[in-house]
Amino acid sequence: MLASALDGLRLTIHVLAATIWVGGQFTLAGLVPTLRKSGEGVAAAAANAFAKFSWPAYALLIITGLWNVAAMNMNKTTSAWKVFLGIKITVVLLSGIAAFVHSRAKSKSQIATWGGISGVMAVASLTIGVFLAG
């Protein structure tokens, strides 16, 4: 059975936003060593440019995630599914909070730590979402 046009659009936007938020973090993290060798401030400039795409993608993830839940019949879900949904929402929020703190951090160790936490939480959220999708 094919999804309706509206469901297809909602899910496409959600997956596209996830590719930007999650995949972009890992792409940028992989490029940082090379960018640092290119000159002072190059990595920071790339991170600032990425933020112009990543934060709107994060907002779309929240919006479409809420839309995904609203489109479901919650009476047909199990208690375990609802618990995992709560965990996913928490992990999504932790990824965003960690990314925000990362963007405000001053030392290299803080930048690395908070960036790593955001990335791990983003992957955890993605993984939980796959299991929730059934």
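The values are calculated or read from the model by the stated rules, or taken from the named source; none is laboratory data. All figures in this text were calculated on a predicted structure; none of them were measured in a lab. No Cβ is skipped: glycine too gets one built from the backbone with ideal geometry, and neighbour counts run over all protein chains shown.
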Residue list for the range 102-115, filter: without any contact (Cβ under 8 Å) to a residue 60 or more places away in the chain and assigned to a helix (DSSP H, G or I):
H102, S103, R104, K108, S109, Q110, I111, A112, T113, W114
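Suppose we filter I87, I117, I111 for residues that are surrounded by 17 or more Cβ atoms within 10 Å (Cβ to Cβ), over 16 Å from A17 (Cβ atoms), modelled with pLDDT of 95 or more and of a type in the set (V, I, T); which single one remains?
Details: I87 fails: surrounded by 17 or more Cβ atoms within 10 Å (Cβ to Cβ); I111 fails: modelled with pLDDT of 95 or more.
Answer to the check: I117.
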Subset tally (residues that are over 23 Å from the mean Cα position of the chain (by Cα) and either surrounded by 12 or more Cβ atoms within 10 Å (Cβ to Cβ) or not in a helix (DSSP H, G or I) (or both)) for the range 72-84:
3
Return only the number of the condition from (1) more than 21 Å from T27 (Cβ to Cβ); (2) surrounded by 13 or more Cβ atoms within 10 Å (Cβ to Cβ); (3) modelled with pLDDT under 95 that E40 does not satisfy.
(2)
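The rows are residues; the columns are (1) buried (at least 18 other Cβ atoms within 10 Å of the Cβ); (2) touching a helix residue (DSSP H, G or I) at 6+ places or on another chain (Cβ under 9 Å); (3) farther than 17 Å from H102 by Cα.
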residue: M1; (1), (2), (3): no, no, yes
residue: G8; (1), (2), (3): no, no, yes
residue: A17; (1), (2), (3): yes, yes, yes
residue: W21; (1), (2), (3): yes, yes, no
residue: A29; (1), (2), (3): no, yes, no
residue: L35; (1), (2), (3): no, yes, yes
residue: W55; (1), (2), (3): no, yes, no
All positions within the range 28-54 that are of a type in the set (S, T, N, Q) and either under 13 Å from the mean Cα position of the chain (by Cα) or not in a helix (DSSP H, G or I) (or both):
S38, S54
Is there a residue in the range 1-20 that is over 12 Å from the mean Cα position of the chain (by Cα), among the polar types (S, T, N, Q) and under 20 Å from L132 (Cβ atoms)?
yes
Of the conditions (1) surrounded by fewer than 16 Cβ atoms within 10 Å (Cβ to Cβ); (2) among the β-branched types (V, I, T); (3) under 14 Å from the mean Cα position of the chain (by Cα), V92 fails just one. Which one is it?
(1)
